[in-house]
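What follows is a set of notes on a single structure, which appears directly below.
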Amino acid sequence: MTTDRQIRNIAVGLLVRDGHVLAEEYPPIPGHHRFVRAIGGGIEFGERAEQAVRREFAEELGVQLETTRLLGVSENIFQILDSPGHQVVHLFAVRCRELADLPLDGRRPMLDHEATVGWYALEDLAREAPPFYPAGALDAALRLHDTPETGH
């Protein structure tokens, strides 16, 4: 997160399986609630969004994505503690056999920061138990769940 009041372009990947989405959970911080976030991060200058989501999964989880498919773009304006944020979010359906094989009750550590990845039930996320960010990610994950013939 930046505090320079700039719009940040990010790319995130959604892997949906058996009514669950793979997401990263951030440890609670004083003054802010627990939440989970779609896996991904910033798009670097000169990098396409699809390249960024592949790079982020490699950096954060040490995996290569087999396929990616752009689902849409959303905008996320938010506040964490006293810091405002503004993101343009590229949402991708992704496929990665190694991650899809993670047990539904399993956890996997992130390689580049103190968070873990695990499966979260879409019905729990729809009740914001816990909240799922960024904006638009839950709707996209629900659409993926409702269309299993896509293979994602």
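The values are calculated or read from the model by the stated rules, or taken from the named source; none is laboratory data. Since this is a predicted model, take the numbers as computed values, not measurements. Here the Cβ positions follow ideal geometry from the backbone for every residue, glycine too, while neighbour counts run over all protein chains shown. Quick note on the areas: whole protein, heavy atoms, side chains included, nothing else; ligands and nucleic acids left out. Shrake-Rupley method; radii C 1.70, N 1.55, O 1.52, S 1.80 Å.
A few comments on the model shown:
- Enumeration of residues in region 76-99 that are surrounded by fewer than 12 Cβ atoms within 10 Å (Cβ to Cβ) and outside any strand (DSSP E or B): L81, D82, R97
- L111 vs. criteria in contact with a helix residue (DSSP H, G or I) (Cβ under 9 Å, 6 or more places away or on another chain) and open to solvent by 40 Å² or more (accessible area, probe 1.4 Å): yes
- Yes/no for I77 being of a type outside the set (D, E, K, R) and at pLDDT below 95: yes
- L102 being assigned to a loop (DSSP other than H, G, I, E, B), over 18 Å from A49 (Cβ atoms) and open to solvent by 50 Å² or more (accessible area, probe 1.4 Å): no
- Search result, residues across region 24-68 that are crowded, with 16+ Cβ neighbours inside 10 Å, charged (D, E, K, R) and in contact with a strand residue (DSSP E or B) (Cβ under 6 Å, 6 or more places away or on another chain): E24, E25, R37, E50, E56
- Tabulated pairs, region 22-40, first aromatic (F, W, Y) and modelled with pLDDT of 75 or more, second outside any strand (DSSP E or B) and open to solvent by less than 60 Å² (accessible area, probe 1.4 Å), C-beta under 7 angstrom, 6+ apart or interchain: Y26/A115; F35/P130; F35/P131
- Matching option when the condition is in a strand (DSSP E or B) and among the β-branched types (V, I, T), among V63, V73: V73
- Residue in region 1-13 that is out of contact with any Gly (no Cβ under 8 Å at 6 or more places or on another chain), at pLDDT 95 or above and of a type in the set (D, E) present: no
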